[in-house]
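Q: A single structure is presented below for examination.
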Amino acid sequence: MTLNPTFPVVAGLLSSLVGDAEVLGTEITPKTTFHDDLGLESVDLVTFAGILAEHFGEQVNLAEYLADKALDEVIALTVGDIADYVAARTASGS
């Protein structure tokens with residue numbers, strides 16, 4: 001996986017929600033999962049969606065992105081997946 005240039009920004013925003021690596025006991029990488037690695041629940045993803053929209057604009061609609069996914073896909077979601085989504089949404093200007 002090539003490091004997406006949006007990843008450090010997304011990881012930084014996520015750190016503002018969950019705490020830094022020392023607090024978490026785990027480093028946020030593109031393969032870090034929201035559920036298993038970070039222990040985030042759906043309410044946390046809703047909060048993160050708001051943080052992303054505030055930072056990147058309304059074209060980054062995480063709730064809409066997640067609505068198209070099955071439950072197992074949401075559980076397996078990684079920080080890299082979100083960074084890729086954000087990069088695609090901000091690059092296209094959609």
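Q: Would you work out which of GLY19, ILE82, LEU71 lies farthest towards the positive end of the dipole of the range 7-89? Charges go on Cβ: Lys and Arg +1, Asp and Glu -1.
A: About the Cα centre, the residue reaching furthest to the positive side is ILE82.
Q: Moving on. What longest region of the chain stays clear of GluC sites (Glu not before Pro) that DSSP places outside H, G, I, E and B and that have at most 13 other Cβ atoms within 10 Å?
A: On the way: sites that count: GLU27, GLU41, GLU58.
It works out to 59-94.
Q: Right, next: Charges only on Cβ, +1 for Lys and Arg, -1 for Asp and Glu: so what's the dipole of the range 7-89 about the Cα centre, in debye to the nearest 20? It would help to have the intermediate numbers written out before the result.
A: Working: 3 positive and 15 negative charges, 35 e Å.
Here the range 7-89 has a charge dipole of around 160 debye.
Q: Which residue fluctuates most in the GNM of the chain (Cα springs below 10 Å): VAL46, VAL60, VAL74?
A: VAL46
Q: Looking at the chain as a GNM with Cα springs under 10 Å, which of ASP81, ASP20, ASP68 has the largest mean-square fluctuation?
A: Comparing ASP81, ASP20, ASP68 in the GNM, the peak value goes to ASP68.
Q: Can I get the semi-axes of the chain's equivalent ellipsoid? Compute them from the C-alpha gyration tensor as square roots of 5 times the eigenvalues, in angstrom, largest first. Walk me through the intermediate numbers first.
A: Numbers: eigenvalues 71, 46, 34 Å².
In descending order, the three semi-axes are 19, 15, 13 Å.
Q: As a check on your grasp of the helix formula, calculate [θ] at 222 nm for the chain: sum -39500 (n - 2.57) over DSSP H runs of n ≥ 4, divide by the residue count, round to the nearest 500. It would help to have the intermediate numbers written out before the result.
A: On the way: 6 runs with 56 residues, N = 94.
It lands at -17000 deg cm²/dmol.
Q: Let me ask something else about it. Between the DSSP loop rule and a limit of at most 16 other Cβ atoms within 10 Å, which trypsin sites (Lys or Arg not before Pro) in the range 1-89 are left? Mind dumping the intermediate values first?
A: Working: sites: LYS31, LYS69, ARG89; in loops: LYS31, LYS69.
Of the trypsin sites (Lys or Arg not before Pro), the ones in loops of the range 1-89 whose Cβ has at most 16 other Cβ atoms within 10 Å are LYS31, LYS69.
None of the figures in this text is laboratory data; all of them are computed from the coordinates on show. No experiment lies behind these values; they were computed from the predicted model shown. Cβ: placed from backbone, ideal geometry, glycine included. Neighbour counts: every protein chain shown.
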